[in-house]
1. State all residues of the stretch 179-210 that are polar (S, T, N, Q) and within 15 Å of Asn162 (Cβ to Cβ); if no residue qualifies, say none.
2. Just one of (1) over 26 Å from Ala211 (Cβ atoms); (2) modelled with pLDDT of 85 or more; (3) among the hydrophobic types (A, V, I, L, M, F, W, C) trips up Phe136, so point out which.
3. If you take the residues in the stretch 132-156 that are without any contact (Cβ under 8 Å) to a residue 40 or more places away in the chain and among the hydrophobic types (A, V, I, L, M, F, W, C), which one is surrounded by the most Cβ atoms within 10 Å (Cβ to Cβ)?
4. Residues to consider are Glu205, Glu111; find the one that is closer than 30 Å to His9 by Cα and either at pLDDT 95 or above or in the same structural domain as Lys30 (by the TED database) (or both).
5. Looking at the stretch 32-50, which of its residues are aliphatic (A, V, I, L, M) and closer than 12 Å to Asn18 by Cβ?
6. Let me confirm something: among Ser182, Ser231, Ser172, which residue is assigned to a loop (DSSP other than H, G, I, E, B) and either at pLDDT 70 or above or surrounded by fewer than 11 Cβ atoms within 10 Å (Cβ to Cβ) (or both)?
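The values are calculated or read from the model by the stated rules, or taken from the named source; none is laboratory data. Since this is a predicted model, take the numbers as computed values, not measurements. Cβ coordinates were reconstructed from backbone atoms using ideal geometry, including for glycine residues, and neighbour counts include every protein chain displayed.
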Amino acid sequence: MKPQRNWTHVLELAILGNLKQQPVHGYELKKRLAETLGPIWGVSFGSLYPALRRLERSGAIEVVEGAGIESSAPIPSTGSLRGEAATARLRRSTKPSLRTKKAYRITARGEILFDELLRDPSNGVDDRTFALQLSFCRYLSSNDRVELLQRRRAELAERLANERKPRSTGASGISIDRYTRSLADHRNASVERDLEWIDSLIEEERRIGAAETASANNTTKEAENSIQQDSISQPVAKSRQINNELGAATA
């Protein structure tokens, strides 16, 4: 995937993920994206509003008109009686202006697009993109979360294998000194820690998934037993009722 296309999808995923919680104004959304994506991504209004327009045109989000907010420039005091009188007249004659803030809300189509972007394996090749996907993992099923983590693990394992290939020279043909090699070792150690972290997440996710499956099976079994018990007890109760009625009639 081309970097520009990847960035477009990442930005749209981040926008939709933040709008899933509640409608948000553009300025507030920019602040939340800075927290979600981090300062390195550098989300500006120049990239945010075109993305919002694209999503609105596609029907993924819609505009919600907010309440009018009074906005008027303050009139400073002058410090003299004549000046204060003039200021008072100016305040009375000046009407506060109203400006409407637009908020954005995700639609049903946006929910579908968010789910597609979150599941798209081609979006997870970048460290920061994976971090974004992981931050929205709560919207995935347990199986989908495991699949996402396994893809990440495979990517990290491949990266580590490539880094560990013996090299005496770099890509430019220049001999690798001990400082460059130390830097490579540091990167490898970081990848190894990430692998351990991913493995722990996969193990925990599988444990949670197994517990949820067992709970669902128990619920299903209890429901089946209840139905079976009802099917047995109802005819018995009916038979007893008939016998009682016959006995009463005979008496």
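1. Result: Asn188, Ser190.
2. (1)
3. So, considering only residues that are without any contact (Cβ under 8 Å) to a residue 40 or more places away in the chain and among the hydrophobic types (A, V, I, L, M, F, W, C), the one surrounded by the most Cβ atoms within 10 Å (Cβ to Cβ) is Leu148.
4. It is Glu111.
5. Within the stretch 32-50, Leu33, Ala34, Leu37, Val43, Leu48 qualify.
6. After ruling out the rest, the residue left standing is Ser172.
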